[in-house]
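Working notes for the structure below.
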Amino acid sequence: MGRLSDKVAIVAGAGAIAEGWSNGKATAVLFAREGARVFAVDRDINAASETRDIIRSEGGECTAYQCDVSIAADVEAMVAACIKAYGRIDVLFNNVGMQVVGGPLDVKEDDWDRLMTVNVKSMYLTCRAVIPHMLRQGGGSIVNNSSTAGIRFTYANVAYSASKGAVKQLSQNIGVQYAAKGIRCNSVMPGYIATPRITDRLKRSNPADYDRKIDERRKAVPSGRLGTAWDVAYGVLYLACDESRFVNATELVIDGGQTASTTGKMWED
Ligand SMILES: NC(=O)c1ccc[n+]([C@@H]2O[C@H](COP(=O)([O-])OP(=O)(O)OC[C@H]3O[C@@H](n4cnc5c(N)ncnc54)[C@H](O)[C@@H]3O)[C@@H](O)[C@H]2O)c1
């Protein structure tokens, strides 16, 4: 307890698209349990409010704020609102990301552009708005949610994969550029994580085949199970807090050994 005492953390994408624990929701709750005051940002205010209510029910401090982080003016307003509410920003967790399934011959140009805006530009926008405050304060920690898709072939996921590779490099560049100013920037790379976004999609696409698909994924992970949002949240917490003060401009892979495994097959849908 107390690993984020006295710190203010923005979590972008702090809700979940369906019932259950998403990476952002679990991380926001964990941040609060560790003493942070959490600014829970989501384009869906009901999703952000649900996270806020969980935090408050546990005695934590949280503000829910509606913002589409792919829109520059809204991001500027969001960061100004956080400063007004809490006076500082110590941690930024950029968790927003979307997926479009398909290879280069399938993905529509509009979908490509939208995905790059949501997955990559949004992180540039939030960093651009938050870094001046971290500079003023003398430091801070930024954690961006990439994916193992950013470093490995993922069948028919070309836009997502390219965007997550970009998130990795965005994080490295920011981390190196601002290291001497006390700002760290790292990315996490989750593998197969059973968040509602994934489980709901598999259920909807073919309910009869759901158990087989989950089992297939589980077998591809050397640890023998899918990850949970809490596995991601604990990795993000480490990078966010001062325990990782010498860890900068790098990636934390959270995948049960799948990326390192020569047999670890990646997902096909
Ligand atoms: N679940 C996995 O297996 C997995 C694996 C690797 C990486 N990731 C990454 O983790 C992140 C979160 O995924 P998830 O499945 O936990 O969460 P999710 O898809 O449930 O989304 C979390 C929240 O983000 C919000 N959101 C979406 N677009 C937004 C926008 N433009 N502005 C503000 N809020 C927005 C949604 O409303 C939702 O409440 C993504 O970046 C994803 O790429 C997930």
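Throughout, read-outs are computed from the coordinates displayed, never taken from laboratory work. Since the structure is predicted, the reported quantities are computational estimates derived from the model, not experimental observations. Quick reminder, even Gly has a Cβ in these numbers, built from the backbone with ideal geometry, and neighbours come from all protein chains shown.
Can you give the net charge of the other residues whose Cβ lies under 10 Å from the Cβ of Gly97, counting K and R as +1 and D and E as -1? Mind dumping the intermediate values first?
Working: positive: Lys164, Arg197; negative: none.
With Lys, Arg at +1 and Asp, Glu at -1, the neighbours total +2.
Identify the chymotrypsin sites (Phe, Trp or Tyr not before Pro) of the range 117-218 meeting these criteria: DSSP loop state and at most 12 other C-beta atoms within 10 Å of the C-beta.
Sparse-neighbourhood loop chymotrypsin sites (Phe, Trp or Tyr not before Pro): Phe153.
Can you find, among Tyr210, Cys241, Val8, the residue sitting farthest towards the positive end of the charge dipole of the chain, where Lys and Arg contribute +1 and Asp and Glu -1 at Cβ?
Cys241
Apply the Karplus parameterisation 6.51 cos²θ - 1.76 cosθ + 1.60, with θ equal to phi minus 60°, to every residue of the range 248-256 and state each ³J(HN,Hα) to the nearest whole Hz, in sequence, with x for glycine and proline.
For the range 248-256, the Karplus-derived couplings read 8, 6, 9, 10, 10, 7, 10, 8, x Hz, x marking Gly and Pro.
Per residue of the range 174-189, in order, report the coupling 6.51 cos²θ - 1.76 cosθ + 1.60 (Karplus, θ = phi - 60°) as ³J(HN,Hα) in whole Hz, putting x for Gly and Pro.
Those phi angles translate into 5, x, 6, 4, 10, 4, 5, 9, x, 9, 9, 9, 10, 10, 9, 10 Hz.
When a footprinting reagent is the concern and you count Cβ atoms within 10 Å, what order do Leu237, Leu105, Leu92, Leu170 take, fewest first? All intermediate terms of the calculation are to be shown ahead of the outcome.
Values: Leu237 24, Leu105 7, Leu92 30, Leu170 21.
In order of increasing Cβ crowding within 10 Å: Leu105, Leu170, Leu237, Leu92.
For helix 229-240, what angle does its Cα long axis make with the longest principal axis of the chain, in degrees from 0 to 90 and rounded to 10?
On a 0 to 90 degree scale, this one is about 40.
I'd like the distance between the alpha-carbon centres of the range 1-47 and the range 115-160, rounded to an integer number of Å.
17
Please list, ordered by chain and number, the residues whose modelled amide H lies under 5 Å from the amide H of Ile254; skip anything fewer than 5 residues away on the same chain.
Here Met189, Gly191 satisfy the definition.
Straight-line reach from Lys219: which lysines fall under 28 Å, measuring Cα to Cα and dropping same-chain residues less than 8 apart?
In chain and number order, the partners are Lys25, Lys164, Lys168, Lys203, Lys265.
Taking only DSSP H segments of four or more residues, each worth -39500 (n - 2.57), what value at 222 nm results for the chain once the sum is divided by all its residues, to the nearest 500 deg cm²/dmol?
Using -39500 (n - 2.57) per qualifying helix, the result is -14000 deg cm²/dmol.
Straight-line reach only, C-alpha to C-alpha below 14 angstrom: list the aspartates and glutamates that Lys7 could link to, leaving out same-chain residues fewer than 8 apart.
Lys7 reaches Glu34, Glu61, Asp90, Asp242, Glu243.
Could you give me the ³J(HN,Hα) list for the range 64-71, computed from phi with Karplus coefficients 6.51, -1.76, 1.60 and θ = phi - 60°, whole Hz, x at Gly and Pro?
8, 9, 8, 6, 8, 6, 8, 10
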